[in-house]
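The values are calculated or read from the model by the stated rules, or taken from the named source; none is laboratory data. Just so you know, these numbers come straight off a predicted model, no measurement behind them. As a convention, Cβ positions derive from the backbone with ideal geometry for all residues, glycine included, and neighbour counts pool all protein chains shown.
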Amino acid sequence: MDLALKDKVALITGGASGLGRATAEQMASEGVRLMIADVNERLLEETRSRLAGAGATVEALRLDVRDMAACRSAVTQTLARFGVLDILVNSAGVGGPMSFFAQTDPEQWEDLIAINLVGVINCCRAVTDHMTQRGYGKIVSIASEAGKANEKRMVVYGATKGGVISLTRGLAAELGRYSVNVNAVCPGVTRTPMTAYIDDEMEKQASKFYPLGRLGQPEDIAPMITFLASDRASWITGQAISVSGGFGRS
Ligand SMILES: NC(=O)c1ccc[n+]([C@@H]2O[C@H](COP(=O)([O-])OP(=O)(O)OC[C@H]3O[C@@H](n4cnc5c(N)ncnc54)[C@H](O)[C@@H]3O)[C@@H](O)[C@H]2O)c1
């Protein structure tokens, strides 16, 4: 299937690593022009030069999604470089402390909420003026299975992802009239730098909870993000789609 993404322009937050980087690679293979944005400047430059070396049209900018002004500036810079912005992928995020809630304190939640939830809200707000004026846009946010059912020892992380799912549904309701599609992808546990703490034994145990018998790889998630960012998904909006080896079935 031709996704008809050639020459579209995507801003990908968290684009330097993991799912954001895999999405950048997948989209580049479809001919999407990329602005990858991340707080980690070293990884950002590494990813930019790898993508450019493979023939992608790609720019990179340092962005801390906690900063609304910086999010607006990222959109302005993308428009200055490419003239339009078709796609926003919200992949910037951090993992939780993996502790029982009763053993955590506010300093362990502040960044989780500021990055995983407020950061997504900031980036969505930063693109809405352009997308609604143009009458076109695709927003895909990476939520999580934890945002649907939540889990022990990651309660606030799950709450931020539940917030992203709710934001997705509300924004889809508001922005549909402007032909802006807003969706979330909900991965199960996927092997990225965020889950580097998982050793072989943990992976073996965790895989038992997955009907397909394994954890995810970034390449399992990026195709769904890319599809949702395409016009082939133009009648899909307000959805939180699990890509999780059958872990979540709601
Ligand atoms: N890996 C998993 O198992 C999994 C499962 C479900 C959901 N997710 C979600 O997928 C998204 C991507 O995670 P990943 O696994 O690729 O992790 P990752 O650590 O490989 O990538 C996250 C990226 O976000 C960037 N980032 C962190 N804080 C930022 C900020 N304030 N501003 C801008 N960039 C920032 C990091 O520098 C990093 O490059 C996250 O939202 C995560 O919660 C991951």
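Of the candidates Ala69, Ala37, the single residue that is without any contact (Cβ under 8 Å) to a residue 24 or more places away in the chain and either among the hydrophobic types (A, V, I, L, M, F, W, C) or on the phi > 0 side of the Ramachandran plot (or both) is Ala69. Does Glu151 satisfy being assigned to a helix (DSSP H, G or I) and over 20 Å from Ala114 (Cβ atoms)? So Glu151 does not fit the description; no.
The residues in the range 163-205 that are under 29 Å from Ala126 (Cβ atoms), exposed (fewer than 14 other Cβ atoms within 10 Å of the Cβ) and small (Gly, Ala, Ser) can be counted, and the count is 3.
Suppose we keep only residues that are in a strand (DSSP E or B) and surrounded by 23 or more Cβ atoms within 10 Å (Cβ to Cβ) within the range 5-16. Which one would you say is nearest to the ligand (Cβ to nearest atom)? So that I can check it myself, show each step before the final result.
Within the range 5-16, the subset in a strand (DSSP E or B) is 9-13.
In the following step, the residues that additionally are surrounded by 23 or more Cβ atoms within 10 Å (Cβ to Cβ) were identified as 10-13.
On the way: Ala10: 15, Leu11: 12, Ile12: 10, Thr13: 6 Å.
Among those residues, the one meeting the criterion is Thr13.
I need the full set of residues from the range 163-172 which are farther than 19 Å from Leu85 by Cα and either assigned to a loop (DSSP other than H, G, I, E, B) or touching a residue at least 12 places away in the same chain (Cβ under 8 Å) (or both), in order please. Result: Gly163, Val164, Ile165, Leu167, Arg169.
Quick check on Ile139: is it in contact (Cβ under 8 Å) with a residue 40 or more places away in the chain, under 21 Å from Ser230 (Cα atoms) and within 16 Å of the chain's Cα centre (by Cα)? Yes; evaluated as a whole, the condition is true for this residue.
Checking the conditions here, which among Thr226, Thr160 is in a helix (DSSP H, G or I), more than 20 Å from Ile115 (Cα to Cα) and of a type in the set (S, T, N, Q)? Working first, answer last.
Details: Thr160 fails: more than 20 Å from Ile115 (Cα to Cα).
Answer to the check: Thr226.
Lys208: out of contact with any Cys (no Cβ under 8 Å at 6 or more places or on another chain), basic (Lys, Arg) and surrounded by 18 or more Cβ atoms within 10 Å (Cβ to Cβ), yes or no? Spelling it out, it is not the case that Lys208 is out of contact with any Cys (no Cβ under 8 Å at 6 or more places or on another chain), basic (Lys, Arg) and surrounded by 18 or more Cβ atoms within 10 Å (Cβ to Cβ).
Of all residues in the range 106-148, count the ones that are hydroxyl-bearing (Ser, Thr, Tyr), within 11 Å of the ligand (Cβ to nearest atom) and not in a strand (DSSP E or B). If you could, list the steps in order and put the result at the bottom.
If we filter the range 106-148 for residues that are hydroxyl-bearing (Ser, Thr, Tyr), which is where we start, we get 128, 132, 136, 141, 144.
Keeping just the survivors that are within 11 Å of the ligand (Cβ to nearest atom) gives 141, 144.
Narrowing further to those that are not in a strand (DSSP E or B): 144.
Counting residues in the range 106-148 that are hydroxyl-bearing (Ser, Thr, Tyr), within 11 Å of the ligand (Cβ to nearest atom) and not in a strand (DSSP E or B) gives 1.
Name the single residue that is nearest to the ligand (Cβ to nearest atom) among those in the range 173-218 being among the charged types (D, E, K, R) and not in a helix (DSSP H, G or I). Give the derivation first.
Looking only at the range 173-218, we keep the residues that are among the charged types (D, E, K, R), and these are 174, 177, 191, 199-201, 203-204, 208, 214.
Right, trim to not in a helix (DSSP H, G or I) and you get 191, 199, 208, 214.
Details: Arg191: 7, Asp199: 15, Lys208: 16, Arg214: 13 Å.
Among those that are among the charged types (D, E, K, R) and not in a helix (DSSP H, G or I), it is Arg191.
On the basis of being modelled with pLDDT of 95 or more, within 14 Å of the ligand (Cβ to nearest atom) and aromatic (Phe, Trp, Tyr), does Phe227 make the cut? Spelling it out, it is not the case that Phe227 is modelled with pLDDT of 95 or more, within 14 Å of the ligand (Cβ to nearest atom) and aromatic (Phe, Trp, Tyr). Here Pro97 clears all of (1) at negative phi; (2) touching a residue at least 24 places away in the same chain (Cβ under 8 Å); (3) touching a Ser or Thr at 6+ places or on another chain (Cβ under 9 Å) except the condition numbered (2).
Can you spot a residue in the range 203-220 that is among the aromatic types (Phe, Trp, Tyr) and touching a residue at least 40 places away in the same chain (Cβ under 8 Å)? Even if it seems obvious, please write down each step before you answer.
Here is the first cut: in the range 203-220, the residues among the aromatic types (Phe, Trp, Tyr) are 209-210.
Narrowing the set further to residues that are touching a residue at least 40 places away in the same chain (Cβ under 8 Å) leaves none.
No, every residue in the range 203-220 fails to be among the aromatic types (Phe, Trp, Tyr) and touching a residue at least 40 places away in the same chain (Cβ under 8 Å).
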